[in-house]
Amino acid sequence: MASLALELMGFFLGLLGMLGTLVATVLPYWRTSAHIGSNIVTAVGNMKGLWMECVYQSTGTFQCETYNSMLALPSDLQASRALMVMSVVLSVLAVATTTLGMQCTVCLEGSGAKTRVAGCGGVLFLAAGFLALIPVSWTTHEVVQTFYQPGLPASMKFELGESLYIGLASALLSMLGGGLLCVSFCDERDVGLGARRHGGGYPYPTTAMGPSAHARTSSQTYRNPTLQMGAKAGGVKEVMLARSYTGSSSARSGGHAQDGKMNPRQNPAAGYDVTGYV
């Protein structure tokens with residue numbers, strides 16, 4: 001039940017991360033114009049994204065223009081595009097894979113690969129979140145570093161846009177959801193291994209076959225030697241008397257066993273079934 005709750009929570013967190021990553025990739029609010037210094041006029045605002053550049057005017061006019069050439073773009077922008085697209089693709093694959101491997105679905109029901117499929121979905125969510133985190137962190141560092149350059153005009157400085165915050169939150173959600181899916185997969189695996197162990201006490205091997213294995217299993221029951229001797233001799237007192245009588249008999253015979261065999265009375269523990277201690 002706990003693993004099912006972890007799977008559901010991880011799936012929904014990963015789904016939210018996928019939607020947020022898609023929104024952050026499409027929207028142009030990665031960089032917004034900074035209104036500082038002489039650039040205090042807020043009538044016009046510039047926004048730059050991965051695919052287009054937009055201008056917003058105070059009159060309500062909103063104009064966007066896509067980048068005409070992909071090869072003419074800076075290398076960091078091209079890398080950010082590629083990483084965000086790969087993150088979205090991996091998130092879609094992770095959603096499909098996790099749906100097949102979750103316990104609440106009927107897909108692959110009765111198959112031993114169902115839990116492994118859910119674990120693979122968690123790994124894909126982790127990879128998608130990590131790929132989305134790279135361009136977001138990279139762009140954030142670049143914007144902050146450019147903003148504090150003293151020789152740069154105020155009109156060329158930009159601030160952090162909303163898409164960066166959305167992308168950061170989405171990357172963290174994807175990684176958290178993938179981690180929960182991996183944890184649920186590990187819990188199910190541990191439960192499956194624990195079910196194969198012996199029910200109690202020493203884990204005796206259960207692979208033996210035949211009547212000898214049955215006899216061995218039945219002889220492994222713990223037996224109290226004191227109670228056994230008490231049942232035969234009438235109690236602990238009779239056991240002590242038998243030991244003293246055996247000691248006197250062995251002293252009279254010189255302490256040697258006849259025919260190379262030890263008298264069972266000389267070793268009271270010889271009649272004990274000690275297989276239960278092994």
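Some observations on this one:
- Options VAL117, VAL85; residue that is under 14 Å from SER184 (Cα atoms), at pLDDT 85 or above and assigned to a helix (DSSP H, G or I): VAL117
- Of residues in the range 82-112 being touching a residue at least 40 places away in the same chain (Cβ under 8 Å) and within 22 Å of GLU142 (Cα to Cα), the one surrounded by the most Cβ atoms within 10 Å (Cβ to Cβ): SER87
- Within the range 128-184, the set of residues being of a type in the set (Ser, Thr, Tyr) and either part of a helix (DSSP H, G or I) or in contact (Cβ under 8 Å) with a residue 40 or more places away in the chain (or both) comprises SER137, THR139, THR140, THR146, SER155, SER163, TYR165, SER170, SER174, SER184.
- Taking the range 1-36 as the range and being part of a strand (DSSP E or B) and either of a type in the set (S, T, N, Q) or without any contact (Cβ under 8 Å) to a residue 12 or more places away in the chain (or both) as the test, the residues that pass are THR32, SER33.
- Being in contact with an Asp or Glu (Cβ under 6 Å, 6 or more places away or on another chain) and more than 30 Å from THR98 (Cβ to Cβ) is a description that applies to ALA34.
- All positions within the range 60-81 that are in a helix (DSSP H, G or I) and either surrounded by 10 or more Cβ atoms within 10 Å (Cβ to Cβ) or touching a helix residue (DSSP H, G or I) at 6+ places or on another chain (Cβ under 7 Å) (or both): ASP76, LEU77, GLN78, ALA79, SER80, ARG81
- GLY14 being of a type in the set (Gly, Ala, Ser), surrounded by 19 or more Cβ atoms within 10 Å (Cβ to Cβ), touching a Phe, Trp or Tyr at 6+ places or on another chain (Cβ under 7 Å) and at pLDDT below 95: yes
Here's the yes/no breakdown for (1) within 18 Å of LEU77 (Cα to Cα); (2) assigned by TED's automatic domain parsing to the domain that holds VAL92; (3) touching a Gly at 6+ places or on another chain (Cβ under 7 Å); (4) exposed (fewer than 15 other Cβ atoms within 10 Å of the Cβ):
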{"position": "LEU133", "(1), (2), (3), (4)": "yes, yes, no, no"}
{"position": "GLN145", "(1), (2), (3), (4)": "yes, yes, no, yes"}
{"position": "PHE158", "(1), (2), (3), (4)": "yes, yes, no, no"}
{"position": "ALA171", "(1), (2), (3), (4)": "no, yes, yes, no"}
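Every residue, every condition in (1) hydrophobic (A, V, I, L, M, F, W, C); (2) under 15 Å from LEU181 (Cβ atoms), yes or no:
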residue: SER69; (1), (2): no, no
residue: PRO74; (1), (2): no, no
residue: THR99; (1), (2): no, yes
residue: VAL117; (1), (2): yes, yes
residue: CYS120; (1), (2): yes, yes
residue: LEU126; (1), (2): yes, yes
residue: ILE134; (1), (2): yes, no
residue: SER137; (1), (2): no, no
residue: VAL143; (1), (2): yes, no
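The values are calculated or read from the model by the stated rules, or taken from the named source; none is laboratory data. None of these values were measured; they are calculated from a predicted model. When we count neighbours, we look across all protein chains shown, and the Cβ atoms used for this are built from the backbone with ideal geometry, even at glycine.
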